[in-house]
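Below: one structure, written as structure tokens.
The values are calculated or read from the model by the stated rules, or taken from the named source; none is laboratory data. Here the structure is a predicted model, which means the values were calculated and not measured. Note: ideal-geometry Cβ built from the backbone for every residue, glycine included; neighbour counts use all protein chains shown. Keep in mind that these areas ignore ligands, DNA and RNA; they rest on the heavy atoms of the full protein, side chains included. Shrake-Rupley method; radii C 1.70, N 1.55, O 1.52, S 1.80 Å.
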Amino acid sequence: MSEATISNPSSGGAPKISKISEAVIRIAGNSQDGIQAIGGFLARLAGRSEQEVMTFMTIPATISGGASIFQVRIGSGEVLSAGDEADVLLAFYQHSYEGHLSSVKKGGMVVYDSDHVTPNPEFEKDYRHIGLPISSRTVEAIGGTAKDKGKNIFTLGLLAKMFDLNVPKIEKLIHERFTGKDESIVKNALAAFHAGYSFSVGHLYETFQFIDAKQKDRPQIVMNGNEALGLGLIAAGVRFGAGYPITPWSDIMELLRRELPKYGGMFIQCEDEIASISMAIGAGYAGKVAVTGSSGPGISLKTEALGWAIMAEVPLIVVDVQRGGPSTGMPTNVEQSDLNIACYGGHGDSPRVVIAPANVEDCFYMAIEAVNIAKKYNVPVIIITDQAIATRIEAFEEPNLEKVCQDISPDLTPVADYKPYDLSTPDGYNPRVVPGTRIMSGKYPIATGLEHDEYGHPTGSPQLHMKMNAKRRKKLQALANEIVPPKVYGPSEGNVLLVGWGSTEGPIREAVDRARAAGDSVSSLHIRHISPLPNGLEEVFAGFNHVFVVEMNDEGLYGYGQLGGLLRSRYCDPKIRGLTKTDGLTFKVKEILDRAKGTIATGIRKL
Amino acid sequence: MSNPITETPARASILAAPAVPTLGEERKGLTKKEVAADHPTWCPGCGDFSVLALYFKLIEKRKLWHEKITTVAGIGCSSRFPYFVQAHGAHYIHGRALPFASGISLSRPDLHLFVFGGDGDAFSIGGNHVNHTARKNIKMSYLIMDNWVYGLTKKQTSPTSPLGFKSKTDIWGAVDQPINPMKQLISAGATFVARTTTTNVNHLLQMMEQAMDHDGFSVIECFSECVEFYEGAFDASNPRKGGKFELVPETHDVTDEMAAYKLADEPFPGKFGVFYKVNRPTKNALEQNIICKAREKVGAKKDWETLQATFNRLK
Ligand SMILES: Cc1ncc(C[n+]2csc(CCOP(=O)(O)OP(=O)(O)O)c2C)c(N)n1
Ligand code: SF4
Ligand SMILES: [Mg+2]
């Protein structure tokens, strides 16, 4: 908790009120306790209060039961990660208390349910302990047969008191959340909330108040990465999709299945991932830009068909929400180990586009970018995200939907002649002519996976194979020239450059901020376009003594992770080194800095 | 009539179908010359030639236009089909032609969609797709050129090879029980299941026409001899080779599933014709229904306004 000013230091009686700019709250319990819901309420409230917010959660792999946490970091300034250490831990059970105490900052606060938790006296000197009978008080407040269901909302009341949160806004959120449900559910929820809110008075020896956040130009919206990606695809004009369920991709397919009919579109649940990608490619061939997606195991199944789409030059969006691999791996943990399959997965030379959104807001806009690239270059685009970005909630400025929404329906105006694989275009691509379009020359195109001539008819000519390979490659080289190179965060010259991709952007930036505040020479570069890479990265690397590629995957046989390997092969620069891990958790800021420091003998301060 | 092509109103009204500009001229049906493309690469005498010839005939007879025809196939000798047809077409990957075609069917109901393939493509690598396309009843016509062998890869056992068939992968004769395509298609939920052979071209054309007119997933198993690797396989069904070609009896009730299974159980050559045909809503229609209901709620809102309403709930 960054404390701004401390006012009203009290010597007992009324709790003292501290002004803070941000707080990290971790709620630990079991998955059926509705912990995610408290986190969701807090995140949404922060969004409405123009605060920055980021969340982090773990979900047990088992269907019901199992330990679950939700961590929310709320700030009146910029929030880049979910926070290394919690200021406040809310523990529902003994296992939550014991398992998560170590995530609390020394001197931080532990609020525990005294109905279930016996505190360990050994810890009482390091952490401020507040025991409250959360379960029994919830039962008392709601009564009836509800048991302790609702203790999440009771806890929300406690937190509202503790952080002086806006009660009318929370009441409104509770109303919104439960509308359409039984009247008594709203009543019980409000009763639980107020019981928690009033109960805490006198039991807390300190309460907090967020300093006012900077006024934003547009209202904020609050969602997770999967929602942002799904809604981004809708904004982009995607009206057809097909998929097969797998965590953590399923949310996107469920959202599209539910939402697309409103826009005249459809999303089909298929028998498997091969059928899914095939259906999406079929729709793409027929004139749509269609989406399919999966997580690692399903992406493996899709690769043969992906190769066809590359060869036949059919637009396609493939979403890969990465989780821990290989095989079934760690299905509910985060990892960035699908970069290789995204960039290289498939047989033959099969260049495709791979882009990686850096945060939740980016998921929305990169979905639109992906669709426009696929449509312009007639190429599959893989949007690679991960479990962390998929499930974490962030608030961001509401997009101007009237401006960004687009219509990409096919044009069926008759054409004089059409060569689907025209070799005379300078950059290797031309607009597609799709079924339903009359071609006055009477020569119709075949979309094919066999090497082909300009009309799509099979050929065994080595000359044509080389030319067509070059065509498929040239398109992506043309795209590379179009990509705006990423900006260095921090000075563009210095000692250490941290390079990242995907969901690690926040912690890496925070690492830069923290290191620079301590006088160290650290900058960062976040690569959102991975295949093709933007131009000019070699010049960026030239400005630094050390380049660490920070990624959540294994260091591999030769000491660098998957992006690290790609960058080394591209730039042949021996100062590019790996900073990787595979513990299934997002990077902590401290982890990044400690690892960088540990690797450089001279320290990270400029020589 | 300015538009001589029959479009069922149900198809024309579907929201997902993009508007097609017309050139405002009277159009005649296509001739064989206009619809033939590459010269087929099949071996001389291959049964697949007949299927192609009758496809041309169907296009001519039913006055289909180039741009409205979409011919799709997987991989195999039979699957080379789209290259020989002068129309929009796609030569997809082995076994996956059906889901690919489903993407076309569901997103472009304005097209006439025909899928061609072999027995390996349909019942081995693509087996599960056949089941699910059938159960979903996705609108398209699917003609399986069954030659009881893998032709393109040069004589391996196929899922329809009879027991004892000597192939390169079963030099002693096939030992695995062959599947019964008709039974499998009926049990999977295909709503039109017919059986024909390339040696009776009139019957083949009739089956193609009926399949095309069926509103749903219509499948034809068509015996098509591989003269290279399974010569004489279907002689028993060819009167010119001393076999017999018997039609499904007129008394057969095509909506009677049990009767259809009985027909399918007859030993080769069995009967030819439509074994099973029922009307069940297509996936196309069911999805359209979902869309119509959702659109009713949306009203006159533009797409961005609909999305805005969702965003408003995320504040
Ligand atoms: C994924 C994949 N596996 C294997 C093959 C090789 N292959 C091509 S066609 C074929 C079998 C073709 O048999 P069938 O479908 O009966 O068609 P036919 O050639 O007999 O007409 C095989 C195994 C392939 N192209 N792709
Ligand atoms: S190998 Fe058999 S199936 Fe293939 S073209 Fe020759 S005869 Fe026809
Ligand atoms: Mg065959």
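See the values below:
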quantity: Residue check, B:GLY243 assigned to a strand (DSSP E or B) and among the small types (Gly, Ala, Ser); calculated: no
quantity: Filtered residues of the stretch A:100-137 (kept if open to solvent by 50 Å² or more (accessible area, probe 1.4 Å) and within 28 Å of the chain's Cα centre (by Cα)); calculated: A:SER102, A:LYS105
quantity: Enumeration of residues in the stretch B:224-240 that are away from ligand 3 (no atom under 11 Å from the Cβ) and open to solvent by less than 30 Å² (accessible area, probe 1.4 Å); calculated: B:GLY232, B:PHE234, B:SER237, B:ASN238
quantity: Search result, residues across the stretch B:122-138 that are without any contact (Cβ under 8 Å) to a residue 60 or more places away in the chain and away from chain A (no Cβ under 13 Å); calculated: B:ALA122, B:SER124
quantity: Search result, residues across the stretch B:145-157 that are in contact (Cβ under 8 Å) with a residue 40 or more places away in the chain and more than 27 Å from B:ASP215 (Cα to Cα); calculated: B:ASN147, B:TRP148, B:VAL149, B:TYR150, B:GLY151, B:LEU152, B:LYS154, B:LYS155
quantity: Test result for B:PHE114, touching a Gly at 6+ places or on another chain (Cβ under 7 Å) and buried (at least 24 other Cβ atoms within 10 Å of the Cβ); calculated: no
quantity: Residue match in the stretch B:181-198 (condition: outside any helix (DSSP H, G or I), within 16 Å of ligand 3 (Cβ to nearest atom), out of contact with any strand residue (DSSP E or B) (no Cβ under 7 Å at 6 or more places or on another chain) and not polar (S, T, N, Q)); calculated: no
quantity: Selected residue [assigned to a loop (DSSP other than H, G, I, E, B), modelled with pLDDT of 95 or more and not assigned by TED's automatic domain parsing to the domain that holds A:GLU22] from A:GLU227, A:GLU259, A:GLU254, A:GLU271; calculated: A:GLU271
quantity: Test result for B:PHE100, within 7 Å of chain A (Cβ to nearest Cβ) and within 15 Å of the chain's Cα centre (by Cα); calculated: yes
quantity: Identity of the residue in the stretch B:77-93, within 16 Å of ligand 2 (Cβ to nearest atom) and more than 15 Å from the chain's Cα centre (by Cα), that ends up surrounded by the fewest Cβ atoms within 10 Å (Cβ to Cβ); calculated: B:PHE84
quantity: Tally of residues being part of a loop (DSSP other than H, G, I, E, B) and touching a residue at least 12 places away in the same chain (Cβ under 8 Å) across the stretch B:162-172; calculated: 5
quantity: Odd one out for B:VAL72, checked against (1) within 16 Å of ligand 3 (Cβ to nearest atom); (2) assigned to a strand (DSSP E or B); (3) not hydroxyl-bearing (Ser, Thr, Tyr); calculated: (1)
quantity: Only listed residue being polar (S, T, N, Q) and either in contact with an Asp or Glu (Cβ under 7 Å, 6 or more places away or on another chain) or within 7 Å of chain B (Cβ to nearest Cβ) (or both), chosen from A:SER278, A:SER300; calculated: A:SER278
quantity: Subset of the stretch B:116-146 that is within 12 Å of ligand 2 (Cβ to nearest atom) and in contact with an Asp or Glu (Cβ under 6 Å, 6 or more places away or on another chain) - its residue that is nearest to B:PRO82 (Cα to Cα); calculated: B:MET145
quantity: Qualifying positions in the stretch B:42-84 - within 22 Å of A:PRO420 (Cα to Cα) and within 16 Å of ligand 1 (Cβ to nearest atom); calculated: B:THR71, B:VAL72, B:ALA73, B:GLY74, B:ILE75, B:SER79, B:ARG80, B:PHE81, B:PRO82, B:TYR83, B:PHE84
quantity: Qualifying positions in the stretch B:241-258 - closer than 19 Å to B:ILE179 by Cα and surrounded by 11 or more Cβ atoms within 10 Å (Cβ to Cβ); calculated: B:GLU257
quantity: Qualifying residue in the stretch B:288-302 (condition: within 9 Å of chain A (Cβ to nearest Cβ), in contact with a strand residue (DSSP E or B) (Cβ under 7 Å, 6 or more places away or on another chain) and open to solvent by less than 40 Å² (accessible area, probe 1.4 Å)); calculated: yes
quantity: So B:LYS63, is it at pLDDT below 95, in the same structural domain as B:PRO267 (by TED's automatic domain parsing) and either part of a helix (DSSP H, G or I) or more than 15 Å from A:SER278 (Cβ to Cβ) (or both); calculated: yes
quantity: Any hit, the stretch B:173-185, residues being away from chain A (no Cβ under 14 Å), open to solvent by less than 60 Å² (accessible area, probe 1.4 Å), within 14 Å of ligand 1 (Cβ to nearest atom) and touching a residue at least 40 places away in the same chain (Cβ under 8 Å); calculated: yes
quantity: Cβ-Cβ under 7 Å pairs, at least 6 apart or on other chains, the stretch A:473-492 side not assigned by TED's automatic domain parsing to the domain that holds A:GLU369, far side aromatic (Phe, Trp, Tyr); calculated: A:LYS475/A:TYR377; A:LYS475/A:TYR429; A:LEU479/A:TYR377
quantity: Qualifying residue in the stretch A:254-261 (condition: more than 10 Å from chain B (Cβ to nearest Cβ) and surrounded by fewer than 24 Cβ atoms within 10 Å (Cβ to Cβ)); calculated: yes
quantity: Residue within the stretch B:63-70 that is more than 11 Å from chain A (Cβ to nearest Cβ) and within 16 Å of ligand 2 (Cβ to nearest atom) present; calculated: no
quantity: Qualifying residue in the stretch A:537-556 (condition: charged (D, E, K, R) and within 20 Å of A:THR385 (Cβ to Cβ)); calculated: yes
quantity: Residue list for the stretch B:260-287, restricted to those being open to solvent by 20 Å² or more (accessible area, probe 1.4 Å) and more than 21 Å from B:ARG135 (Cβ to Cβ); calculated: B:LYS262, B:ASP265, B:GLU266, B:PRO267, B:PHE268, B:LYS271
quantity: Scope the stretch A:498-521; condition closer than 23 Å to A:ASP573 by Cβ and either assigned by TED's automatic domain parsing to the domain that holds A:CYS363 or surrounded by fewer than 21 Cβ atoms within 10 Å (Cβ to Cβ) (or both); matching residues; calculated: A:ASP520
quantity: Residue list for the stretch B:143-155, filter: open to solvent by less than 40 Å² (accessible area, probe 1.4 Å) and near ligand 1 (Cβ under 8 Å from one of its atoms); calculated: B:MET145, B:ASP146, B:ASN147, B:VAL149, B:GLY151
quantity: Subset of the stretch A:379-434 [polar (S, T, N, Q) and within 14 Å of chain B (Cβ to nearest Cβ)]; calculated: A:ASN400, A:GLN406, A:SER409, A:THR413
quantity: Top-ranked residue in the stretch A:289-317 [being open to solvent by 10 Å² or more (accessible area, probe 1.4 Å) and among the small types (Gly, Ala, Ser); ranked as farthest from the chain's Cα centre (by Cα)]; calculated: A:GLY307
